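Colleague: Below you will find the structure I want to go over with you.
The values are calculated or read from the model by the stated rules, or taken from the named source; none is laboratory data. Because the structure is a prediction, the values reported are computed rather than measured. Heads up, the Cβs are rebuilt from the backbone with ideal geometry, glycines too, and the neighbour counts pull from every protein chain shown.
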Amino acid sequence: MILEVNESFDTFMPVPVRFRTLLHRFHVKESKQMPTIAATSSASKSFSPPTRPLIYLLETCKSMDQLQQVHCQAIKTGLNANPVLQNRVMSFCCTDDYGDFQYARHLFDEIPEPNLFIWNTMIRGYSRLDFPQLGVSLYLEMLRRGVKPDRYTFPFLFKGFTRDIALEYGRQLHGHVLKHGLQNNVFVHTALVQMYLLCGQLDTARGVLDVCSKADVITWNMIISAYNKVGKFEESRRLFLVMENKQVLATTVTLVLVLSACSKLKDLRTGKKVHSYVKNCKVESNLVLENALIDMYADCGEMDSALGIFRSMNNRDIISWTTIVSGFTNLGEIDVARNYFDKMPEKDYVSWTAMIDGYIRSNRFKEALELFRNMQATNVKPDEFTMVSVLTACAHLGALELGEWIRTYINRNKINNDLFVRNALIDMYFKCGDVDKAERIFREMSQRDKFTWTAMIVGLAVNGHGEKALDMFSNMLKASILPDEITYIGVLSACTHTGLVDKGRKYFLRMTSQHGIEPNIAHYGCLVDLLARAGRLKEAYDVIKNMPIKANSIVWGALLAGCRVYREADMAEMVVKHILELEPDNGAVYVLLCNIYAACKRWNELRELRQMMMDKGIKKTPGCSLIEMNGRVHEFVAGDRSHPQTKNIDAKLDKMTQDLKLAGYSPDISEVFLDVAEEDKENSVFRHSEKLAIAFGLINSPPGVTIRITKNLRMCMDCHNMAKLVSKVYNREVIVRDRTRFHHFKHGLCSCKDYW
DNA sequence: GTAGGGTTAG
């Protein structure tokens, strides 16, 4: 084999010509063979170039080829036993990007008594190659051969550790550190702390920090960072105060970390203290620090201060802007946020997602989707956070088509389909009434967390599969996932929607006895709902009277809903009084009482109440239904005539009335309380928003396609009857998601078994 | 002739 003289090698080295020729000759002959210590020949000592040029050559080596040439030369000339030269060769092979560790290992095996440097270098080599186990073995071999570790050994050794190796050997090696008195070396100390952090032993790491009197500020930063990562923000803050006491000088990074903790804790006081640090020039400020300050003020709701910093900045980056935007969305000032968002010089996926998410948290789902469409017109690619937000919007709107499209989009664009995304998909499918698809996602998941199970339980419950939801709950417990208070809301509502009153009561008690969850107001609401819907109004009322928390309007509302179903006008009046004490302007309550008076034919009371409502200017929340068609969400309000297809919808409604009357439909106006002639009552019922949406759906989708509707209020009796008949007469599945649950209409029946 | 590390926005 002819030596390929690398051009750079050839040109940059000031090597004497004679010397270079020799190198060539040697290499040609023996390049395939691994040189050994034993190969050192005394004969070659006759030719003895000075050691220094060889070492110099080694220092300039850029590849193994070059290194081997020089090394062979050293062997040939008997200089390879020189420890400095040996160290150089080992060091190159173990640490250089082009180093060949195997070469080092062979040389190492031939060295009778490697010095500590060589041992350290070999250990470093194993760490670099991610063979921590072999590093440990080598370290133990070193001890066996009577060589003591120094301050380099442990940093090198720990550097390559994985979590498992750290767990296995960490404590023992810590003992070695102490035995050799190396614990106060700042490098060893830092490596030790890092090793413990690597395997999640935060408390031990903290202990190591605590016993060291002169720990580096960066070690403090590492621990604070670790506390932040596991959400122990109080600890982060406390550690910062300890640092102050010990007069350890904070760096900008320390302050950024502490500010991050303050944001999460909403601790304006400490946040301001950090700010004064910066103002007093105790550290040099930078962009990251200023962003962290903005974030702290924003999360504490102090947008004026946040804006003050923002405006004073010379350089702002995307993070500065995004922080301001999300600061406003968090306060619900969505339009101000949008203003800043529109002014951003550039936007990335985080900015877009922050804004989309802002709309979602303000319950402005259609605008969230609109913004997502705008985002797609840019070349900013969404990520899994964006997907979760958009799926959430789809879920709230019942936009199944778009939700499905998002799922395809995720797969096609290789967006990280993580646990959050899958959980959001499950939720979306359930909220769109597609139980099968939700279940399929669940089955295909390899990892499931509390949110997965909870989404399944709640989703099955509201879709009318109470027993399945309860099975799910017991499977969750079998999988050793602990339920939280939301899970129990799902469990209780499974019982409610299925009428399993006694089971529900049992779960309510078990929640505290078995899982230590104290029932909150929402749980009491579920319990009252459970009893009230089953007609056990007296028991429900007893629960309210005896509960340790003061009932709110939602709890009373659950009882009121029961009064409506069972036409208990007297109790209803009492309940309404309670609600109006809490919320004098609650229009929905007046409407419910109207419904009840109408259903009980108490026309005089109804008239008086109507008058009172008019005097007080209380209006009924208009019924509103959404239906998605070809990726667009169409909105219908009761009595709506604004839709472009209104004429067709009217004609279809007329036709439907005829068809359905033949099948035995008769309008049910018992819940209509408008003080009008019977015929008009019938008309107003007939323009309820879900009927408009169903008619629209029948017109615009081919036969056999399921019609899915999302409604803001509870379905009325008449619409419910009508939907059942539509499913039978036109052989169409109709799925209506109302305020509290799903109605799956099929073959003339509803999944709620008329119990809602 | 060798070493190490921390940060901000959804």
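Colleague: Keeping to segment A:283-298, report how many residues are charged (D, E, K, R), in contact with a Leu (Cβ under 8 Å, 6 or more places away or on another chain) and not in a helix (DSSP H, G or I). Steps first, answer last, please.
Modeller: Step one: filter segment A:283-298 for residues charged (D, E, K, R), giving A:284, A:290, A:295.
With the extra rule that they be in contact with a Leu (Cβ under 8 Å, 6 or more places away or on another chain), the set shrinks to A:295.
Pick out the ones that are also not in a helix (DSSP H, G or I) and you get none.
Number of matching residues: 0.
Colleague: Do you know which residues across segment A:304-351 are within 10 Å of DNA strand B (Cβ to nearest atom) and either touching a Leu at 6+ places or on another chain (Cβ under 8 Å) or of a type in the set (Val, Ile, Thr) (or both)?
Modeller: A:317, A:318, A:319, A:320, A:322, A:323, A:324, A:325, A:329, A:350
Colleague: Give me a count of the residues in segment A:52-95 that are without any contact (Cβ under 8 Å) to a residue 24 or more places away in the chain and under 19 Å from residue A:128 (Cα atoms).
Modeller: 0
Colleague: Take the residues in segment A:217-259 that are in a helix (DSSP H, G or I) and either in contact (Cβ under 8 Å) with a residue 40 or more places away in the chain or over 29 Å from the mean Cα position of the chain (by Cα) (or both), then tell me which one is surrounded by the fewest Cβ atoms within 10 Å (Cβ to Cβ). Working first, answer last.
Modeller: Let us first name the residues in segment A:217-259 that are in a helix (DSSP H, G or I), namely A:217-229, A:233-245, A:252-259.
Going one step further and asking which of them are either in contact (Cβ under 8 Å) with a residue 40 or more places away in the chain or over 29 Å from the mean Cα position of the chain (by Cα) (or both), we end up with A:217, A:241-245.
Values: A:217: 14, A:241: 12, A:242: 13, A:243: 20, A:244: 13, A:245: 7.
So, considering only residues that are in a helix (DSSP H, G or I) and either in contact (Cβ under 8 Å) with a residue 40 or more places away in the chain or over 29 Å from the mean Cα position of the chain (by Cα) (or both), the one surrounded by the fewest Cβ atoms within 10 Å (Cβ to Cβ) is A:245.
Colleague: Could I ask something else about it? So, in segment A:121-137, how many residues would count as being more than 39 Å from the chain's Cα centre (by Cα) and more than 14 Å from DNA strand B (Cβ to nearest atom)?
Modeller: So the answer is 1.
Colleague: Please tell me if residue A:527 is buried (at least 17 other Cβ atoms within 10 Å of the Cβ) and of a type in the set (A, V, I, L, M, F, W, C). Working first, answer last.
Modeller: Working: buried (at least 17 other Cβ atoms within 10 Å of the Cβ): yes; of a type in the set (A, V, I, L, M, F, W, C): yes.
Taking the combined requirement at face value, the residue satisfies it.
Colleague: From the list A:217, A:242, which one is near DNA strand B (Cβ under 7 Å from one of its atoms), at negative phi and at pLDDT below 95? Working first, answer last.
Modeller: Values: A:242 fails: near DNA strand B (Cβ under 7 Å from one of its atoms).
One residue alone meets the criteria, A:217.
Colleague: Now for a different question. Residue check: is residue A:301 within 24 Å of residue A:266 (Cα to Cα), outside the structural domain of residue A:272 (by TED's automatic domain parsing), away from DNA strand B (no atom under 12 Å from the Cβ) and outside any helix (DSSP H, G or I)?
Modeller: no
Colleague: Residue by residue through segment A:304-326, note down the ones that are over 18 Å from residue A:342 (Cβ atoms) and part of a loop (DSSP other than H, G, I, E, B). Lay out the reasoning, then the answer.
Modeller: Step one: filter segment A:304-326 for residues over 18 Å from residue A:342 (Cβ atoms), giving A:304-306, A:308-309, A:312-315.
Answer for segment A:304-326, where residues must be over 18 Å from residue A:342 (Cβ atoms) and part of a loop (DSSP other than H, G, I, E, B): A:313, A:314, A:315.
Colleague: Inside segment A:377-416, can you point out the residues that are assigned to a helix (DSSP H, G or I) and either of a type in the set (Phe, Trp, Tyr) or on the phi > 0 side of the Ramachandran plot (or both)? Working first, answer last.
Modeller: Our first condition is that a residue be assigned to a helix (DSSP H, G or I); within segment A:377-416, this holds for A:384-397, A:400-412.
Correct list: A:385, A:405, A:409.
Colleague: Determine which single condition residue A:649 fails, assuming it passes every other condition in (1) buried (at least 19 other Cβ atoms within 10 Å of the Cβ); (2) modelled with pLDDT of 85 or more; (3) touching a Phe, Trp or Tyr at 6+ places or on another chain (Cβ under 8 Å); (4) within 30 Å of residue A:568 (Cβ to Cβ).
Modeller: Going through (1) buried (at least 19 other Cβ atoms within 10 Å of the Cβ); (2) modelled with pLDDT of 85 or more; (3) touching a Phe, Trp or Tyr at 6+ places or on another chain (Cβ under 8 Å); (4) within 30 Å of residue A:568 (Cβ to Cβ) one by one, residue A:649 breaks only (4).
Colleague: Run residue A:89 past the list (1) within 13 Å of DNA strand B (Cβ to nearest atom); (2) at pLDDT below 85 and report the number of the one that doesn't hold.
Modeller: Looking at each condition in turn, residue A:89 falls short on (2).
Colleague: Can you say whether residue A:269 is closer than 23 Å to residue A:298 by Cβ and more than 12 Å from DNA strand B (Cβ to nearest atom), as far as the supplied structure shows? So that I can check it myself, show each step before the final result.
Modeller: Working: closer than 23 Å to residue A:298 by Cβ: yes; more than 12 Å from DNA strand B (Cβ to nearest atom): yes.
The answer is yes for residue A:269.
Colleague: Here's something else I'd like to know. Take the residues in segment A:150-164 that are in a helix (DSSP H, G or I) and within 16 Å of DNA strand B (Cβ to nearest atom), then tell me which one is farthest from residue A:126 (Cα to Cα). First the steps, then the outcome.
Modeller: As a first pass, look at segment A:150-164 and keep what is in a helix (DSSP H, G or I): A:153-159, A:163-164.
Filter once more, so that each one left must be within 16 Å of DNA strand B (Cβ to nearest atom): A:153-159, A:163.
On the way: A:153: 12, A:154: 13, A:155: 13, A:156: 9, A:157: 8, A:158: 11, A:159: 10, A:163: 16 Å.
It comes out as A:163.
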